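Notes follow the structure.
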Amino acid sequence: MVGLGTLPVRGLVGWSRVGGTGQGLRMTKSIARAAVATALLVSTVGAAAPLAQARTQEHRGDLLSLTPVSDLTPAQVSGFLKDAGVDSATVRYGVRGYRVTYRTITPQGRPTTATGLLVLPVDGRRGRLDLVADTHGTMVDRDYAPSVGEDDGRLSPYLHASDGRAVAAPDYLGLGKGPGRHPYMDTASSVSASLDMLRATRTAARELGRPLTGDVYGTGFSQGGQVAMALGKALSQGADAHFRLKALAPVSGPYDLAGQEVPALFDGRVNDTSGVLYMSYWLTAQNRLRPLYKEPGEAFRAPYARVVDGLLDGTHTEEEILGALPGNVKDLLTPAFYARLQHPRGALLDAMRDNDHTCDWKPAVPVRLYTATGDTDVPIANTLSCARQLAAHGKKAPVVDQGAVDHNGAFKKSGPQIVRLFDSIAGTA
């Protein structure tokens, strides 16, 4: 990529501008001291705790740094999409991408940082931009996240930005350059990190001379489809007055873990390879949030119990993880835990149901759900369940079935259609 010089950043109170590619914006000493003080306050007990919590909330979404990561011409964007098998007919502009580092909170409400990808169209216009909130699917390798890896995680952001909208694509907690481990399928923290990414994006876009209108179009794929619905719900309920939800168009989200996704592991609707990856990732991540098992050996068979948690620390690729684990879920789990999954109760059932309410509301904006009958990662029944939940609240959401394509194929066919959908909605606003 070319053209990644010093950022044209202006007027960020409390920040010092640092020249040179990749250096971005750094905290001044006074702000750094304030950050340390806030962290110390959060760790205190007694009367100071409410004040610490208030200060943590106050700083959520603060922009910490902005680093250029890509600069593509329209032809380069088209080539990138075409190489991945994505229709590039909607490409009108080049794009510039930036890694945004910002303040957010952990699942426990403590202060932390996260990163994400901001992509802006290079279109010569100076007007305000609508924003696409684009939430990505399952990633086990932190370096595969949108703000770091020049891979599939950038397909959707580039697709939407090249049509003329700004795009905020959060890495989520523990992925990209954020600290710690990713709390996989913890919808609440994915939404808080995504909402804070929108806030940081608003600041970054303004300082880059491309201010936002406040209109937000939500989309996401796989895990991100679920996050997109939950983020849309938060925005519709007034989570941030600066943003107005305009439409939702998620793709193949696991909206119904208890009723569809987990049962599909046992009846053949989810392929063995994906089942092993998803289940090992989900169990190890959820066990850090709530006690599903005391020792790995309660859930995982030997010798996998000794290695599974370490494999999913964010530094291993899918190939490395799958190469060290068995070929199916039955051989991965102990007989007792395998039986528990088929008839979940207690904390195990709670872990599923806590994430199964992302479609349990009535959006006041257009919603279209994309999926595919050929998807053996997140079966179509998840999307049909989402549509039923929405309908129960009086919201009819059309389901677009992309047919006999696989999980990634569902996104590749849906992505350009969603761009056109957003265009049509923006044109009638």
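Given the structure, is Asp360 open to solvent by 20 Å² or more (accessible area, probe 1.4 Å), modelled with pLDDT of 95 or more and part of a helix (DSSP H, G or I)? Spelling it out, it is not the case that Asp360 is open to solvent by 20 Å² or more (accessible area, probe 1.4 Å), modelled with pLDDT of 95 or more and part of a helix (DSSP H, G or I). For the condition in a strand (DSSP E or B) and touching a Leu at 6+ places or on another chain (Cβ under 8 Å), Pro146 does not qualify. Consider region 343-357 and keep the residues that are in a helix (DSSP H, G or I) and out of contact with any helix residue (DSSP H, G or I) (no Cβ under 8 Å at 6 or more places or on another chain). The one that is nearest to Arg306 (Cα to Cα) is Ala347.
Each residue in region 380-396 was checked for being open to solvent by less than 40 Å² (accessible area, probe 1.4 Å) and in contact with a Leu (Cβ under 8 Å, 6 or more places away or on another chain), and 3 pass. Just to be sure, is Met197 hydrophobic (A, V, I, L, M, F, W, C) and either out of contact with any Gly (no Cβ under 9 Å at 6 or more places or on another chain) or surrounded by fewer than 21 Cβ atoms within 10 Å (Cβ to Cβ) (or both)? Taking the combined requirement at face value, the residue does not satisfy it. For region 402-425, indicate whether the set of residues that are in a loop (DSSP other than H, G, I, E, B), open to solvent by less than 70 Å² (accessible area, probe 1.4 Å) and hydroxyl-bearing (Ser, Thr, Tyr) is non-empty. Within region 402-425, not a single residue is in a loop (DSSP other than H, G, I, E, B), open to solvent by less than 70 Å² (accessible area, probe 1.4 Å) and hydroxyl-bearing (Ser, Thr, Tyr). Tyr338 passes every criterion in (1) closer than 24 Å to Ala381 by Cβ; (2) open to solvent by 40 Å² or more (accessible area, probe 1.4 Å); (3) touching a Lys or Arg at 6+ places or on another chain (Cβ under 8 Å); (4) not in a helix (DSSP H, G or I) apart from (4). Remark: pairs (first residue in region 108-130, in contact (Cβ under 8 Å) with a residue 24 or more places away in the chain; second residue among the acidic types (Asp, Glu); Cβ separation under 8 Å; 6+ apart in sequence or on different chains) = Ala114/Asp171; Ala114/Asp196; Thr115/Asp171; Gly116/Asp171; Leu117/Asp171; Pro121/Asp163; Val122/Asp71; Asp130/Asp215. Condition check: within 26 Å of Ala426 (Cα to Cα), out of contact with any Gly (no Cβ under 6 Å at 6 or more places or on another chain) and open to solvent by 10 Å² or more (accessible area, probe 1.4 Å). Does Arg128 satisfy that? Against the criterion (within 26 Å of Ala426 (Cα to Cα), out of contact with any Gly (no Cβ under 6 Å at 6 or more places or on another chain) and open to solvent by 10 Å² or more (accessible area, probe 1.4 Å)), Arg128 qualifies. For Glu298, the conditions (1) under 30 Å from Val95 (Cα atoms); (2) in a helix (DSSP H, G or I); (3) without any contact (Cβ under 8 Å) to a residue 40 or more places away in the chain all hold with the exception of (1). Whenever a residue of region 373-386 is among the aliphatic types (A, V, I, L, M), its partners that are modelled with pLDDT of 95 or more and assigned to a loop (DSSP other than H, G, I, E, B), lying with C-beta atoms within less than 7 angstrom and at least six residues away or across chains, give the pairs Val378/Ser222; Val378/Ser252; Val378/Gly253; Val378/Pro254; Ile380/Ala372; Ile380/Thr373.
Specify the residue that is least open to solvent (accessible area, probe 1.4 Å); the eligible residues are those in region 301-324 that are free of Cβ contacts under 8 Å to residues at least 40 places away in the same chain and among the charged types (D, E, K, R).
Of region 301-324, the ones free of Cβ contacts under 8 Å to residues at least 40 places away in the same chain are 301-311, 319-320, 323-324.
Subset that is among the charged types (D, E, K, R): 301, 306, 309, 319-320.
On the way: Arg301: 83, Arg306: 191, Asp309: 59, Glu319: 136, Glu320: 95 Å².
Per the criteria, the residue is Asp309.
Restricting attention to region 55-74, which residues are at pLDDT below 95 and over 18 Å from Val100 (Cα atoms)? Scanning region 55-74 gives Arg55, Thr56, Gln57, Glu58. Scanning region 116-148 for residues that are closer than 15 Å to Ala205 by Cα and either among the hydrophobic types (A, V, I, L, M, F, W, C) or within 14 Å of the chain's Cα centre (by Cα) (or both) gives Gly116, Leu117, Leu118, Val119, Leu120, Val122, Leu129, Leu131, Val132, Ala133.
The values are calculated or read from the model by the stated rules, or taken from the named source; none is laboratory data. This structure is a prediction, so every number in the text was calculated from the model and none was measured. Ideal geometry is used to build each Cβ from the backbone, glycine not excepted, and the neighbour counts take in all protein chains shown. Areas reflect the complete protein model, heavy atoms only, side chains present, ligands, DNA and RNA absent. Shrake-Rupley method; radii C 1.70, N 1.55, O 1.52, S 1.80 Å.
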